[in-house]
Every structure is written in structure tokens, then in C-alpha cells.
Amino acid sequence: MHKTIDFDYFNTQLVHNVGSRTGAIAPAIIPSAAFGYQNAEEAEGIFSATVQKPLYARVGNPTNAKLEGIVADFEGGLGAIATSSGMGAIAMVCTAFLSAGDELLCIGGFFGGTYSLVNETLARFGVSNTFCTVDDFAHIEATLQRGVKMVIFESVGNPSLTLPDIQRIIDLCNQYDTVVMIDNTPTPLLVRPLTMGADIVIHSSTKNMSGHSSALGGIAVFRAVKEEGDKLHTDKYADLHKIVNKMGKKAFIAICKKRAMRDYGMTANAFGAFLTMVGLETLSLRVERVNQSVATVASLLEASFPKGCTVNHPSLTSSPDHARYISDFAQGCGPLLTIDCGSKARAFSFLNALKLVIQTANIGDNRSLALHMTSTIYADFDTQAREFLGVHEGLIRVSIGLEDPKTIAEDFLQASQSL
């Protein structure tokens, strides 16, 4: 069971972590691509990581570092790396930790970009994968037993809205000394996987963290590596031991910077990091508001939708994930709900009748958003993949914003009259 979140605590923490008490209150934007070194000795120290000063913007800059510290703090991690996008964060971690011949276990339904990265791109480079549903613990444990290198899953399925038993999966990964990464994009503050024993948490900071659709970005947050008995010390991760032995508790960060970011360059830019921090000041307020609103909207729609048009959200007793929602997600599971109109034609008619809700591919925005899935993000996916991911022909993904929930519901209800 997840701990109850004190939103007021984070309302205080975030505004003061982002702002400064003296001088410029807002964070500084430092857009320089290069940084001067005082002397040759300092340059050597910076490149060996014994001197903590900026090296070159491809591996980070001071504005990014400010953002990284704030997010690591509220996630309960040792440190973080800001990236150019959420997919950049996932790609950074996967390419840093996985090599040809390794296997990745993917649990539950996935965002289309993550599925494509794993099933197509990583596969082209020799990284195999296996997928299973969130409650197939026989498959999960059998895969862990044979020495899989990494596990990845979403805190809330996007757009399937399946809710995993996060603690049980983390505990199994730790039992079998396997690195586990959790995409926490829909549930910042609501779920804190690092405090539950996870190794890595990633976010598309474009979404809930910023809230304003102005800053494309991602971030990966890491736990500290233990001095003794850490899973990274096992033979499974022998190819990382050189970095682990040198960097100690900061090894997760060093692995990602040296084995991915330095060479692929998926780095966040300073202005994007600044805009993300502006959004973070109100994150706690927005998370509390949106998670109350999404349950209200779901309830209003379920009570009044016409036949052949169904709404899904775990707060509804009709949801197969309702019991886990009550036990593990009492303060909400993010901004998403789905509407299934039964067919693509009906979904298009419904979407085109909306007057307030915006059609776009984003989620976690201050505005309410909607998108038909199979004609957009999942257009290239075959029927089998769509079925596994819970994406059907009439499915519309909805992200609830800050508007009055009754007004949002009214827009959906008037659009349903077009069906």
C-alpha cells in the first residue's frame, strides 16, 4: 500500500526548491554550450568527475542540474539526469544498461513510443524482450530466474489504465538482483517508486511536471548504490563494474552519462529545464486538483453516456482495476481516462463534436485533451500488439485538466449526442 501524500508539504517544498531567497528568485538560465576551465588540472578533474563543475553541455549544464536536484529530492532519489524528452530518458537508461544478447522484461500495457523502442529499435541492436500482463507473476518470476537484465513497467498503463502491484514487482526484482525502471509519468508525487525500492524512475517532464505544453523534456531519477551487497556488484552486471567501483553510490548516474548520454546526446536544453521548473512550482496543487477532477468526470460520464459508449477509469466500480485503485492509489492514478465509442467512425464523430477539449497527442496538460488511439500513436501497430496494449478501434484517450470538472463532463456529454 502506498503512503498517503501530503500535498501541502510538497506545495511548500517545491516552490522553495525552485526559487531562491536572495538575489534572483527565479532559476538562472545558463544556455552556454561550453564552459571554461581554470587550468589544466581542473579540466582533468572535471573529466574524471573528481571536480564537480560543468564539463560540456552535451552531458549537462547548471540549469539542468538545478532541475535534477529538485526532482531527485521529491522522488526520494540520490540524483537525476534531465533529457531532451521522456523517450530520451528511457532510451538513455536502456542503452546504458543493455547490450546485444541481453533481455528486457516488459510488464503491462505500454505507451506506443516505449513499445516501439523495445520491440523494434532495441531488437535491431540485439536486445531481446518478453512481455506479460501486470498480474502474470508466474511469467515474471520465471523470467527473473533465468537472469533477465532489466525490468520496465508503467506506474499506470498508458492508455490501458491497468494498475500494477508496484511493490510486489519491485520486491521480486530486488530478490533476483535485477535492475527495475518505472515510468512514473502519470503519477508524480502520487507514487514514489524509489522509496519503495526501485532503482530508476523516469518521467516525460513535458507532461504533468510542466503542465503547460511549453517544454519538451524528460528526466531519469536514480537511487544510491550501496557500498556492499548491491545488485550492481553481481556478475550479471560485470560489464558495469569498472564504473561502479570508481563512482560508488553515484554509479547509476555515471553509467548513464558515460554509456549513453555522452555518445547519443539526448541532453535537455537549459531553456526547457527552466520552463519545467516553472511548472514544478505548482505541481502539487495541480496533481491534487486533477486527480479529484478525473474521478468526478468519470463518474458523471458513466452515469449519462449513451449505449455503445463506455468510460473507463479505475475509480469506477466497473473497472477491473478498482480494488487496486482503492488499496494502492487512494489519492488518484493520474489525469487519464478512456472512452470507447465502439468504432473509429463513431470516435471521430465524437471527437469532432467537442467544443472545449483539445485534440492533441500530449497528456498531463493544464487543459483537457483527447486523442483517438488507433489512427494516431498506434497507427503502425498490428492487431495483436494493439490487443495486448488494450488499444481498440473506438478508443479515445482523455487527459483531464484544470477546468471545472462539470464543464468538462458537459462537453463530453454534448459530444456524445453526435453518436
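The values are calculated or read from the model by the stated rules, or taken from the named source; none is laboratory data. None of the values given here were measured: they were computed from a predicted structure. Please note: Cβ atoms are built from the backbone with ideal geometry, for glycine as well, and neighbour counts cover all protein chains shown.
Observations on the model:
- The one condition in (1) part of a strand (DSSP E or B); (2) in contact with a Leu (Cβ under 6 Å, 6 or more places away or on another chain) that Val225 fails to fulfil: (1)
- Within the range 262-286, if we keep just the residues that are of a type in the set (Val, Ile, Thr) and in contact with a Ser or Thr (Cβ under 7 Å, 6 or more places away or on another chain), the residue that is surrounded by the most Cβ atoms within 10 Å (Cβ to Cβ) turns out to be Thr276.
- Odd one out for Val18 among (1) over 30 Å from Gly332 (Cα atoms); (2) in the same structural domain as Asp235 (by TED's automatic domain parsing): (1)
- Flag if Val311 is closer than 30 Å to Asn11 by Cα, modelled with pLDDT of 95 or more and either touching a Pro at 6+ places or on another chain (Cβ under 9 Å) or among the β-branched types (Val, Ile, Thr) (or both): no
- Matching residues, the range 95-127, being surrounded by 20 or more Cβ atoms within 10 Å (Cβ to Cβ), assigned to a helix (DSSP H, G or I), β-branched (Val, Ile, Thr) and more than 14 Å from the chain's Cα centre (by Cα): Thr95, Val118
- For the range 213-252, a tally of residues being among the polar types (S, T, N, Q) and farther than 29 Å from Thr185 by Cα returns 2.
- Lone unmet requirement of (1) over 16 Å from Thr95 (Cα atoms); (2) in contact (Cβ under 8 Å) with a residue 12 or more places away in the chain for Gly229: (2)
- Residue count for the range 229-271 under the criterion of being among the small types (Gly, Ala, Ser) and touching a Lys or Arg at 6+ places or on another chain (Cβ under 8 Å): the result is 2.
- Total residues in the range 15-58, condition assigned to a loop (DSSP other than H, G, I, E, B), in contact with a strand residue (DSSP E or B) (Cβ under 8 Å, 6 or more places away or on another chain) and among the small types (Gly, Ala, Ser): 1
- The set of residues from the range 79-102 being among the aliphatic types (A, V, I, L, M) and closer than 12 Å to Ala220 by Cβ comprises Ala80, Ile81, Ala82, Met87, Ala89, Ile90, Ala91, Met92, Val93, Ala96.
- Here Lys344, Lys307 are screened, and the one residue that is among the charged types (D, E, K, R), without any contact (Cβ under 8 Å) to a residue 24 or more places away in the chain and not assigned by TED's automatic domain parsing to the domain that holds Gly217 is Lys307.
- Condition met for Phe381 (part of a loop (DSSP other than H, G, I, E, B) and either crowded, with 18+ Cβ neighbours inside 10 Å or of a type in the set (D, E, K, R) (or both)): yes
- Near pairs, Cβ below 7 angstrom, 6+ apart or cross-chain, from the range 95-111 (on the phi > 0 side of the Ramachandran plot) to any residue that is aliphatic (A, V, I, L, M): Gly108/Val134
- In this entry, Ala91 is excluded by the filter for residues that are free of Cβ contacts under 8 Å to residues at least 40 places away in the same chain, under 20 Å from the mean Cα position of the chain (by Cα), within 29 Å of Val191 (Cβ to Cβ) and assigned by TED's automatic domain parsing to the domain that holds Ile255.
- Restricting attention to the range 357-368, the residues being under 18 Å from the mean Cα position of the chain (by Cα) and of a type in the set (A, V, I, L, M) number 2.
- Reported count of residues in the range 296-327, each being assigned to a helix (DSSP H, G or I) and surrounded by fewer than 20 Cβ atoms within 10 Å (Cβ to Cβ), is 11.
- Of the residues Gly60, Gly76, Gly108, the single one that is of a type outside the set (D, E, K, R) and more than 22 Å from Gly248 (Cα to Cα) is Gly108.
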